[in-house]
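The structure under discussion appears below in the form of C-alpha cells.
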Amino acid sequence: MVKGKRMWVGSFAIAGLLLTGCSSSGDDAGTASASPAESAGGDAANIAAVIKGLDNPFFQAMEDGINASAQESGAQVTVQAATSITDTTGQAEKLTAMAQQDFNCFVVNPISGTNLVQALAPVAAAGTPIVNIDSPIDEAAAKEADVVAKTYIGTNNEAAGGKAGDYMVETISSGQVALIGGIAGDVTSQARLDGFTAAVDGKLDIVQTTSADWERQKALTAATDIMAANPDLKGFFAANDDMGLGIARAVANVGKTSQIAVISVDGNEDALRAVDAGDLTATVAQYPYEIGALGVQACEAVLAGQEIPTNIESPTALVTKDNAQQALAAFPAPFEEYQNPLSGS
Amino acid sequence: MSTVSPAVTDAGERVGLGSRLASAPWPELAAPLGLVALIIVFGLLDPTFVSGGNIEAMLQASAILVVLAVGQTFVVATAGIDLSMASVMTLGAIVLGLVYTGTDNIWLAMVAGVAAAGAVGLINGTIIAKGRITDFIVTLGALSAASGLALIISDGKPITVLNRAMLKLASSGIGPLNWSVIIAAVVAVAAHFALFNSRFGLHVLATGGSEESARAVGVRTARVKIAVYTLSGVLAGVGAILLVARVGAAEPASNTSFLLNSVAAVVLGGVSLFGGRATIIGPVMGALLLTALVNGLTLLGLSQFYQPLAVGIVVVLAALLTRFQK
C-alpha cells in the first residue's frame, strides 16, 4: 500500500506539471484582456470563438484568420475548437464553459444546425452578440430557444458549385460526369452539388451521384468503382478537396489523369499544390481565413454600435493551373481582391 | 455497509471492513480525491471554474457520461465490457428521432429509443452468455453494427428534434439542478441500491468475482450476464434521450469519445476490470472528474489538442492505481 500511496502522489505531481504548463497561457489571456479595456476606456472587444475540429486544415486556416484579424485590430480573442467533426456535445460543452467567462461577443461555427443552440441560449439571454460563421444555425431551433445571431458569414455554396460546373463545361465541353458529395443529406454538400448540377444542366451527362462522407479514402474507393462502371467518364466533381484528392489518386491509379477532369471545392493548401502539379484539374477556393477574420470584424462592428448586414457572403475563387502559384503565394488569404462588406462602413 | 457487501461476495479476496479502512482503498479514492484536487487547482487558476454557473454547466455536461458509466459499471462488475455503448446510444437517438418525426409523440419516441437500445443490449448479452463468445468481440461487432444500423435507418441524415419537452429537459429543472442532472442522479441512486441492496446486485458481483463458484452456489450466471448487457443497453437509451435534448437533433455520426470516457470513468472509479468489485459512486465521480478536467482546460484556453492527452494520462494513472492494490 505504501507503494500505492507513492504512485498516487506521483500522479498528482504530473498532473500539477501539466496544469502549470497551461496556466501560463491562461494567465496571458487573463491579464491581456484587462489592459486594452483600461486603455480604450471600455467596450474593447473580448471575443470568444468556438469552431469545428482543428484536425482539418480548413478550420486551422479559420483559426489563423480569427487570430490575425484580432491581432491587427488589438481585440482579444480566445479560440476553442471541437476535438473532431462528430464531437457535437464536446463543442457544446466548450461553448457552455466559455459562456461563464467574461466575453462580450461570440463567434460560432456549429458542427450541426442545432448542437450549439442550447449552449447559446444563456449567451443570447444575457444580450451578448452572436456572430454565426461558416455553418448556419438551424433557424427553427434557434427561434425556439430565443437565439438570434447578429449575422451569418459564409460561402455561398451553391455559387461555389456553380463555378465548378462552369469550369467543368469549359474543360470537357461534353460527356459523362459523376458527382461525389459529403455526408448524405448534409446541407453544404447538397448546395454544392445543386449548384454544379444547375451549371452543367443540358451540357453534360451526370451518370451518378454518390456520397463519400467528406473522406479521402472513401472517395478513392467510390471513384475507382464509378470509373470501372463508366469507362467513358470524363469528369468528377467532389464537394470538398479531401474527396477531390482521393478521386485524383484513383484516376492516377488507372492512368487516366489526362483524360478525366477532377474539380473540387475548398482551396486547401494541399489541393492548391495538387492543382499546381496537375493532379487536380481545379478547385473552387473558399477562404476560411477570411470567414474567421470577418467573424472578428463583425463582432467589433457590433460592439462599436454599427449596423451590419444579416447575411455576409465570403469570397470564393476558381483556382486552375494558371493561377495556382499565385493562390499558393497568397494562401491562406485570398489572391484576388474582393469587396469587404464590413470595411465600407 | 454498502462497501462491505462486494468484499464479502468476492470469493477471491475476503477483506473485512476494518482491514479495508486500514489499507485505504486508493483505487476507490482516486476519483473523489482527484476531483477535489482538480477543483482546487482549476479554482485557483480561474475563479470562474468554481462559480455557480460553471458548476451547473459541468453537472449538466456530465449527465450523459454518468448514465453511460453506470451502465458500463454493471457490465464491468461481471468481468465483462460493453464497447458498443456509444454507438448503441447513437442508434437509440436515431430511433427516437425517427419515431418522433413519424408520430409527433415525444413520449412514444423516448420509449422507442430506449427499447431499441435495450434490444441491442439484450442481443449482446444473449450472444455472450449463450453463445459463449468473448464480450470484447461481441460488443465490438455491435459497435459497428449499431452505428451501421443508425446510418441505414436515418439514411445518414441528422434528424432535428424540435420539441418543447425536450428543450425543457435540457434547459430547465428544479432550482439550480437541470432535469438531465436530476435524471442522471436518479439513475445513479437507483443503480446503487440495485447493486448493493438487491439479490440482482449480489448475483452480479458474485458472477464477476468467480463465475464457477457463483454457479456452484446456484447463481444463474448466464441470466445475470444477459441482464447486465440489457441494462447497459437501456441506459445507453436513456443517454440517447439526454443527448438528443442536449444537441437538439439525432445524429447518425457516432460520438466516439463517449465510448472511451465511459470505460475511463469506470476505471477511474476504482471498479476492478476483473469483475467482482464495484461501486456506483466511484464511476460517477470518475465521470464528474473527466468532465471537470475538460471544462477546466477549456476555461484556461488550452488548445483542445491537449485535452485528449490529459484525459488519457489521467485514465492510465488510475488504472495503474488499481494494479497496485492487487
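The values are calculated or read from the model by the stated rules, or taken from the named source; none is laboratory data. No experiment lies behind these values; they were computed from the predicted model shown. Note that we place each Cβ from the backbone using ideal geometry, even for glycine, and neighbour counts take in every protein chain shown. What goes into the accessible areas is simple: the full protein's heavy atoms, side chains included, and nothing from ligands, DNA or RNA. Shrake-Rupley method; radii C 1.70, N 1.55, O 1.52, S 1.80 Å.
When the accessible area of chain B is split by element with a 1.4 Å probe, what percent falls to carbon and sulfur?
Answer for chain B is 71 percent, counting heavy atoms of protein chains only.
Which of A:Lys163/B:Lys157; A:Lys52/A:Lys150; A:Lys52/A:Lys234; A:Lys94/A:Lys150; A:Lys150/B:Lys157 have a Cα-Cα distance over 23 Å?
Check vs 23 Å cut-off fails for A:Lys163/B:Lys157; A:Lys52/A:Lys234; A:Lys150/B:Lys157.
Could you tell me which residue out of B:Ser303, B:Gly173, B:Thr101 lies farthest along the dipole of the protein assembly as shown toward its positive end? Charges go on the beta carbon: Lys and Arg +1, Asp and Glu -1, centred on the Cα centre.
B:Gly173
Would you mind putting B:59-71, A:184-196, A:111-123 in packing order, based on average other-beta-carbon counts within 10 Å, highest first?
Going from most to least packed, we get B:59-71, A:111-123, A:184-196.
Which percentage, to the nearest 5, of the DSSP beta bridges contained in segment A:235-345 is antiparallel?
Expressed as a percentage, antiparallel bridges in segment A:235-345 total about 35.
Based on DSSP loop calls and a cut-off of at most 15 other Cβ atoms within 10 Å, the longest stretch of chain B free of exposed chymotrypsin sites (Phe, Trp or Tyr not before Pro) is what?
B:1-273
About the Cα centre of segment A:138-194, how large is the charge dipole given +1 on each Lys and Arg Cβ and -1 on each Asp and Glu Cβ? Please answer in debye to the nearest 20.
So the magnitude is around 160 debye.
How fast does segment B:21-167 diffuse by Stokes-Einstein, in µm²/s, taking the Kirkwood radius from C-alpha pairs at 20 °C and 1.002 mPa s?
Rounded, D is 118 µm²/s.
Taking every pair of alpha-carbon atoms in segment B:28-67, give the share separated by more than 16 Å as a whole percent.
Above the 16 Å cut-off, segment B:28-67 has 45 percent of its Cα pairs.
With every protein chain kept in place and ligands, DNA and RNA left out, what is the accessible area per residue of the protein assembly as shown? Probe 1.4 Å, answer in Å².
For the protein assembly as shown, the solvent-accessible area averages 40 Å² per residue.
Using only Cα atoms, what Kirkwood radius does segment A:247-345 have, in angstroms?
After inverting the pairwise mean of 1/r, the radius is 15.0 Å.
Which residues of segment A:142-171 bury at least 50 Å² of accessible area once all protein chains are present, versus their chain alone (1.4 Å probe)?
Listed in order, they are A:Glu144.
Output wanted: per-residue J couplings in Hz (rounded whole) for segment A:272-286, from phi through Karplus 6.51 cos²θ - 1.76 cosθ + 1.60, θ = phi - 60°, x for Gly and Pro.
Per-residue couplings from phi come out as 4, 5, 5, 5, 4, 7, x, 6, 10, 5, 6, 9, 8, 7, 10 Hz.
Amide H to amide H, which residues 5 or more places from A:Ile133 or on other chains are under 5 Å from it, using H placed in the peptide plane?
Distant-sequence amide H within range of A:Ile133: A:Val108, A:Asn109, A:Ile153.
For chain A, would you read off the P(r) tail past 31 Å as a percentage of all alpha carbon pairs?
Here the tail beyond 31 Å accounts for 40 percent of pairs.
Would you mind telling me the share, in percent, of accessible area of segment A:228-345 contributed by carbon and sulfur at probe 1.4 angstrom?
Ligands and nucleic acids excluded, carbon and sulfur reach 44 percent.
Do the sum for chain B: with -39,500 (n - 2.57) for every DSSP H run of n ≥ 4, divided by all residues, what is the mean residue ellipticity at 222 nm, to the nearest 500 deg cm²/dmol?
-25000 deg cm²/dmol
Between the chain alone and the structure with every protein chain in place, find the residues of segment B:141-188 that drop at least 50 Å² of accessible area; heavy atoms, 1.4 Å probe.
B:Leu162, B:Leu167
So, in nm, how far is label B:Asp104 from label A:Asp232 when the simple model puts each one 7 Å beyond its Cα toward the Cβ?
The modelled label-to-label distance comes out at 5.0 nm.
Over 5 Å intervals from 0, what percent of Cα-Cα pairs in segment B:171-326 sits in each interval?
2, 8, 13, 18, 18, 18, 12, 7, 3, 1, 0, 0
Cut-off 19 Å, label point 7 angstrom out along Cα-to-Cβ of B:Phe305: give me the residues of segment B:225-269 whose amide nitrogen falls inside.
none
Report the A-B buried area as the accessible area lost on both sides summed, probe 1.4 Å, in Å² to the nearest 100.
That pair hides around 4300 Å² of surface in total.
Roughly what % of DSSP beta bridges within the protein assembly as shown run antiparallel, to the nearest 5?
If we restrict to bridges inside the protein assembly as shown, about 15 percent are antiparallel.
Roughly what % of Cα-Cα distances in segment B:176-237 sit above 18 Å, to the whole percent?
44
Along Cα→Cβ, 7 Å out, is where each label goes; now give me the distance between the ones at B:Arg164 and A:Glu269 in nm to one decimal.
Each label point lies 7 Å from its Cα, and together they span 5.2 nm.
Using the Cα atoms of the protein assembly as shown, I'd like the radius of gyration and the largest Cα-Cα distance, Dmax, both in angstrom.
Rg, Dmax (Cα atoms, Å): 26.8, 86.
Translational diffusion coefficient of segment B:63-277 at 10 °C, 1.306 mPa s, Stokes-Einstein with Kirkwood Rh over Cα pairs, in µm²/s as a whole number.
93
Among the aspartates and glutamates, select those whose C-alpha is under 16 Å from the C-alpha of B:Lys168, and discard any that sit fewer than 8 residues away in the same chain.
Here the aspartates and glutamates satisfying the reach criterion relative to B:Lys168 are A:Glu144, A:Asp146, B:Glu56.
Search the structure for amide H atoms under 5 Å from the amide H of A:Phe236, placed 1.01 Å from N in the peptide plane, and list their residues when 5 or more places away or on another chain.
For A:Phe236, the qualifying residues are A:Ala178, A:Ala261, A:Val262, A:Ile263.
Mind listing the phi-derived Karplus ³J(HN,Hα) values for segment B:162-178, rounded to whole Hz, using 6.51, -1.76 and 1.60 with θ = phi - 60°, and x for any glycine or proline?
Per-residue couplings from phi come out as 9, 8, 5, 5, 5, 5, 4, 3, 8, 10, 9, x, 9, x, x, 8, 5 Hz.
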